[in-house]
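See structure below.
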Amino acid sequence: MNRPTARTAVRIAADSRPVLAFTVVLTLAVALASFALSFASLRDAALWGRVPEGLAFLVPVVIDASVLVYGLVALVLRARGRSSAWAWTLMFGFTVVSIGANAAHAYDVGPELRTIVGVVLVALAPLSVLTSTHALASLVVADVPAALPEPAPVPVAVDAAPEPAPAALKPAAPVATPAPEAPPAEPERSPVGAAPVARRPRLGRVRPIAQDALDLPGLAVGADA
């Protein structure tokens, strides 16, 4: 019997290019719709801050566009390995202001709260210029390369000469102790009162006597007579 082959379930790869493209398009659509809805509320709220009606449309651009700018700056800084905390903070700050202004416009708050909301929206315009310029400079201007520290000298390993092994101690040879010398023998002494032994005179070599030595003066005269 032929066994039914198991079919692999077809699933959408979450990291595929079509999914990524669809997410980007959908995000842009949501952003445009949100901006369009927020635009009308922020434009009307800008009139609470005594902004001319012909320039009121710029307030939504400053508030909502700043949110997008700081979000993109934070992503770029994080990709470069730099601190992006300040960019995230500004993005959340402008988002909170936009939410509060939209809620105040929809709730139809009293005159005092309208004045406060209008003042906050107008005051954020120069702050947005300052922070946007800082964000642009941090992205465009290259950092000065830090001076590399001088490499520390690497110690050269010197092979130390192996210490000679201690020679095995040989047992010391026994030192011959010289025998004590016998004292010199004393000459034998003759007993007291004994006659001394006569020694024979030592005879020398007999030399012949010459004739001249025998010619005595007196004997020569008698001979001549």
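Which of Val120, Val30 has the fewest other C-beta atoms within 10 Å, and how do the rest follow up to the most? Numbers along the way, then the final one.
Working: Val120 17, Val30 10.
Least to most surrounded, the residues fall as Val30, Val120.
Ranking Arg78, Arg43, Arg11, Arg50 by Cβ neighbours within 10 Å, fewest first, what do you get?
On the way: Arg78 14, Arg43 19, Arg11 6, Arg50 10.
If I rank by nearby Cβ atoms, fewest first, I get Arg11, Arg50, Arg78, Arg43.
Between Thr95 and Ala137, what is the label-point separation in nm under the 7 Å Cα-to-beta-carbon projection?
Result: 2.7 nm between the two label points.
Using alpha carbons only, what's the Rg to Rh ratio of the stretch 17-140 with Rh from Kirkwood?
Values: Rg = 15.9 Å, Rh = 15.5 Å.
In the stretch 17-140, Rg relative to Rh is 1.03.
Of Ser132, Val119, Leu55, which is farthest along the charge dipole of the stretch 17-140 in the positive direction, counting Lys and Arg as +1 and Asp and Glu as -1 at C-beta?
Ser132
Based only on other Cβ atoms within 10 Å, what is the fewest-to-most ordering of Ile63, Ile12, Ile116?
Working: Ile63 26, Ile12 7, Ile116 14.
With the fewest neighbours first, Ile63, Ile12, Ile116 line up as Ile12, Ile116, Ile63.
Provide the per-residue ³J(HN,Hα) series for the stretch 93-106, in order, calculated from phi with Karplus coefficients 6.51, -1.76, 1.60 and θ = phi - 60°, each as a whole number of Hz, with x at glycine and proline positions.
Values per residue, Gly and Pro as x: x, 5, 5, 4, 5, 5, 5, x, 5, 5, 5, 5, 5, 6 Hz.
Taken together, the values in this text are just the output of simple stated rules run on the coordinates, not laboratory data. Predicted model only: the values in this text are computed from it and were never measured. Methodologically, a virtual Cβ is constructed for each residue, glycine included, from the backbone with ideal geometry; neighbour enumeration extends over all protein chains shown.
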